[in-house]
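Structure first, commentary second.
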Amino acid sequence: MVGLGRSSGAVAPFEMRAADVTDPASVAAALADVRRDKGVYALINAAGIASLNLVLTTPAATIRRIIETNLLGTIFLCQQVAPALIRRGNGRIINFSTMGVPLAIKGEAIYVASKAGVEGFSRAFAREMSPHGVTVNIVAPGPIDTALIAKVPREKVDAVVRQQIIQRQAKPEDVWNIVSLLLSPESSMISGETIHVGGA
Amino acid sequence: MSVSYEEVERFLRDEVASLTAGPPENVSGATVLVGTSRVVDSADLVMLLLAAEEYARDKMNVAFDWTSDSAMSEARSTLRNIGTLARHLTDLQPA
């Protein structure tokens, strides 16, 4: 298992490599061996950044950084790793979106735009990968207790949770349960789907 | 020692024949890879490019990055037929 992050120093129970996901050359350099490795079974694109802000007060540089990291980063990772899955003849790609897309959360328009792009990309890419036995799906969590929402006020988190079908804040293991299902052989007929953690 | 255009083209012809399950003699340098007259579908084209990527690395000691700006800016001509792809791969080698 190989993880990709902004720095290779992140603590993880697997090998961590550093790359700038917005730079395809950086991604290619970090994962050159992975692209050729038929042992690779899955790609999980969970990297994401957000900036809670009104569109009208968000600097252009911030907008660009969010779109590049969340959307282009996902696309570049798929470009780099999908050949390994094609060589293998099967595999799984799981891209992360957000509950913010169906809920249209105020103050997250740029983040939502980037993740809506991920969803559209993933659905079309699923068709492209289908002949090779590779499924592409989307997991869209609500507010999980991670660094991504560390600065989001509690009342805003609660307001989002109240809009979920299951009105409790999901835990990381709830997300993992869905990822685990999509990674399993039993999910071979699921592709191009978005699964909202907690229901939207 | 560099790999000749003829060797690269022969490799590509064999790959296309294998992908299309047709007789090799029906495949030539003029065999079309993209467009309305193509003989491979998009999935087979990906498989061909993957095979070409491995061949370039293992036999020619060059990197064939088919997503690079330089390769894809002329994608229509590079991928037009087996001959143009063979020429592109051959030209990747240092003179």
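The values are calculated or read from the model by the stated rules, or taken from the named source; none is laboratory data. Worth saying up front: this structure is predicted, and the values here are computed from it rather than measured. Virtual Cβ from ideal backbone geometry, glycine too; neighbours counted across all protein chains shown. The area values use the complete protein model at the heavy-atom level, side chains included, leaving out ligands, DNA and RNA. Shrake-Rupley method; radii C 1.70, N 1.55, O 1.52, S 1.80 Å.
Checking each residue in the range A:40-62 for being over 30 Å from residue A:1 (Cα atoms) and open to solvent by 30 Å² or more (accessible area, probe 1.4 Å) picks out A:52, A:53, A:54, A:55, A:56, A:57, A:59, A:60, A:61.
The single residue among B:56, B:52, B:71 that is open to solvent by less than 20 Å² (accessible area, probe 1.4 Å), at pLDDT below 90 and either within 14 Å of chain A (Cβ to nearest Cβ) or touching a Cys at 6+ places or on another chain (Cβ under 6 Å) (or both) turns out to be B:71.
In summary, residue A:128 fulfils each of the numbered conditions (1) within 23 Å of residue B:66 (Cα to Cα); (2) touching a residue at least 12 places away in the same chain (Cβ under 8 Å); (3) part of a helix (DSSP H, G or I); (4) charged (D, E, K, R) with the single exception of condition (2). Scan the range A:141-187 for residues that are in contact (Cβ under 8 Å) with a residue 60 or more places away in the chain and part of a loop (DSSP other than H, G, I, E, B) and the total you get is 3.
Might you check whether a residue that is among the small types (Gly, Ala, Ser) and more than 30 Å from residue A:189 (Cβ to Cβ) occurs anywhere in the range A:57-72? Yes, because at least one residue in the range A:57-72 is among the small types (Gly, Ala, Ser) and more than 30 Å from residue A:189 (Cβ to Cβ). Among the β-branched types (Val, Ile, Thr), away from every other protein chain (no Cβ under 14 Å), within 15 Å of the chain's Cα centre (by Cα) and open to solvent by 40 Å² or more (accessible area, probe 1.4 Å): does that describe residue A:135? Judged against the criteria, residue A:135 is not a match. Quick check, is residue B:20 open to solvent by 20 Å² or more (accessible area, probe 1.4 Å) and more than 12 Å from chain A (Cβ to nearest Cβ)? Judged against the criteria, residue B:20 is a match. Quick one: in the range A:147-200, which of the residues that are out of contact with any helix residue (DSSP H, G or I) (no Cβ under 7 Å at 6 or more places or on another chain) and polar (S, T, N, Q) is least open to solvent (accessible area, probe 1.4 Å)? This residue is A:164.
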